[in-house]
Amino acid sequence: MIRLIYASTALNEWGTEDLLKLLKECRAHNSAKNITGILLFSNNTFLQVLEGDEASVTSMFALIEKDPRHSDVTIIEKQHITERSFPYWSMGFESVDSNQLTNIPGFNNFFAKDFTPAGLAANRNVIAPLLSHLRAKLISQVTPERHEELPMQHEDPFIQVLHRTIRIGVKFLALLMVVVILFGIVDVVYVIYEKIAQPPVMLMTINDMLETFGAFLAVLIAIEIFLNITLYIRSDVIPVKLVVATALMAISRKVIVFDYKSLPAEYVSASALVLLALGVTYWLIQKKE
């Protein structure tokens, strides 16, 4: 594979619709030849990266050179590569003004005056950091936004202090929940010992097993609650799925340990509806993911 980078000067004025039409053409042609890359347009200058099989890229560039919509076609870089920098885009696209480019750290005023085919050819050292910036920007556009329940940064300093305080409280709650989980594990061991120590020794009735299951599920629910608590100080997940899973486990535990002989039919029916609703909700969330 090779990576070919070229710059050219656009003829006439290019509006948004013209650029979208060009982008559509590029994506169609590149997809057919398994070529990936990115197209940057600024200050009436095109900068395009083409990555793929050498024969495909070379033939594509030959067609691009003959395109009457631009001039001063200049090869900035051509090199063999082992992996693509833009593997997921048949043609990524950025249209920016010089002010946006100038704000890229380390470039100062280069883009304000030298973003031309000749300027890029004379300053090839800016290409690598520019491509890294564009690649990161494309990735951020397709990556889910970070989610924070209690962001550490806030425009209101008072709210920021409150968030920090609550985070400390959440960490303390998480610590307490760990203590509860440990006590729950001890309780499970005690329940099992109590049931198998009573005559007849080493035998458990159905009621004994249900009580033991209840002790196990109580610990599992405590663990789920611990995970829910810690979600509030994480930024990589949205806690909806885990909250639903916790509720589903809690209602399932109740169903397992129900004494159906003493419970009214309305209570059992209502619990069944809640269980069904949570199950469907969890399935829909899982399906969407």
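State whether the residues of region 248-261 include one that is of a type outside the set (Asp, Glu), modelled with pLDDT of 75 or more and surrounded by fewer than 12 Cβ atoms within 10 Å (Cβ to Cβ).
Yes: region 248-261 contains one or more residues that are of a type outside the set (Asp, Glu), modelled with pLDDT of 75 or more and surrounded by fewer than 12 Cβ atoms within 10 Å (Cβ to Cβ).
Of all residues in region 262-272 being surrounded by fewer than 16 Cβ atoms within 10 Å (Cβ to Cβ) and in a helix (DSSP H, G or I), which is farthest from the chain's Cα centre (by Cα)?
Per the criteria, the residue is Ala265.
In region 27-54, which residues are assigned to a helix (DSSP H, G or I) and either aliphatic (A, V, I, L, M) or in contact with a helix residue (DSSP H, G or I) (Cβ under 9 Å, 6 or more places away or on another chain) (or both)? Give the derivation first.
Filtering region 27-54 down to residues assigned to a helix (DSSP H, G or I) leaves 27-32, 54.
Across region 27-54, the qualifying residues are Ala28, His29, Asn30, Ala32.
Residue pairs, Cβ under 9 Å, 6 or more apart or interchain, first in region 60-80 and in the same structural domain as Phe41 (by TED's automatic domain parsing), second basic (Lys, Arg) and surrounded by fewer than 13 Cβ atoms within 10 Å (Cβ to Cβ). List them.
As it stands, the answer is Ile76/Arg124; Glu77/Arg124, since those pairs meet every condition given.
Determine, yes or no, whether Asp236 is loosely packed, with under 14 Cβ neighbours inside 10 Å, among the charged types (D, E, K, R), at pLDDT below 80 and more than 39 Å from the chain's Cα centre (by Cα). Step through it out loud before you land on a result.
On the way: loosely packed, with under 14 Cβ neighbours inside 10 Å: yes; among the charged types (D, E, K, R): yes; at pLDDT below 80: yes; more than 39 Å from the chain's Cα centre (by Cα): no.
No; evaluated as a whole, the condition is false for this residue.
Quick one: which residue in Leu242, Leu275, Leu227 is in a helix (DSSP H, G or I), of a type in the set (A, V, I, L, M, F, W, C) and at pLDDT below 75?
On the way: Leu275 fails: at pLDDT below 75; Leu227 fails: at pLDDT below 75.
Testing whether each residue is in a helix (DSSP H, G or I), of a type in the set (A, V, I, L, M, F, W, C) and at pLDDT below 75 leaves just Leu242.
For region 181-212, how many residues meet the condition of being surrounded by 11 or more Cβ atoms within 10 Å (Cβ to Cβ) and in a loop (DSSP other than H, G, I, E, B)?
3
Which one is farthest from Val73 (Cα to Cα), of the residues in region 112-123 that are modelled with pLDDT of 80 or more and part of a helix (DSSP H, G or I)?
Ala122
Tell me which residues, restricted to region 1-27, are in contact (Cβ under 8 Å) with a residue 60 or more places away in the chain and among the hydrophobic types (A, V, I, L, M, F, W, C).
Met1, Ile2, Leu4, Ile5, Ala7, Ala10, Leu11, Leu19, Leu23, Cys26
How many of the residues in region 152-170 are within 20 Å of Leu227 (Cβ to Cβ) and loosely packed, with under 14 Cβ neighbours inside 10 Å?
Narrowing region 152-170 to residues within 20 Å of Leu227 (Cβ to Cβ): 166-170.
From what is left, the residues that are loosely packed, with under 14 Cβ neighbours inside 10 Å are 168-169.
Qualifying residue count for the region: 2.
The values are calculated or read from the model by the stated rules, or taken from the named source; none is laboratory data. Every value quoted in this text rests on a predicted model; they were computed, and no experiment measured them. Positions of Cβ are backbone-derived with ideal geometry, glycine not excepted, and every protein chain shown enters the neighbour counts.
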